[in-house]
Amino acid sequence: MRRTKYFDWEQAFHFIWQNADRDGIWHGDAVSLAEEFDASEDDAESVLDELRHRRLIEKLYTRSFYLSNWRER
């Protein structure tokens, strides 16, 4: 059973925040996000686009995103 109806930008951001390194960098991409939430890669890419649009994350390079409002934990 797919969990796509429970997969939104808030849940994705929470997952990314929890899995970012000390510098606020998440080493992942749409594929890894889709696997975590048992969603399609297209859905995961759409969620990442939404997070970028909301200026919560910025793409650094392939498979790496920076959390824009990162504060050290």
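Overview of values
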| read-out | value |
| --- | --- |
| Residue tally, condition β-branched (Val, Ile, Thr) and free of Cβ contacts under 8 Å to residues at least 40 places away in the same chain, over the stretch 38-73 | 1 |
| Wholly enclosed helices (runs of 4 or more DSSP H) of the stretch 1-72 bearing at least 1 residues of a type in the set (Val, Ile, Thr) and surrounded by fewer than 16 Cβ atoms within 10 Å (Cβ to Cβ) | 30-37 |
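Read the figures in this text as sums done on the coordinates, not as results from a lab. Everything numeric in this text was worked out from a predicted model, so none of it was measured. For neighbour counting, all protein chains shown are included, and Cβ atoms are generated from backbone atoms with ideal geometry for every residue, glycine included.
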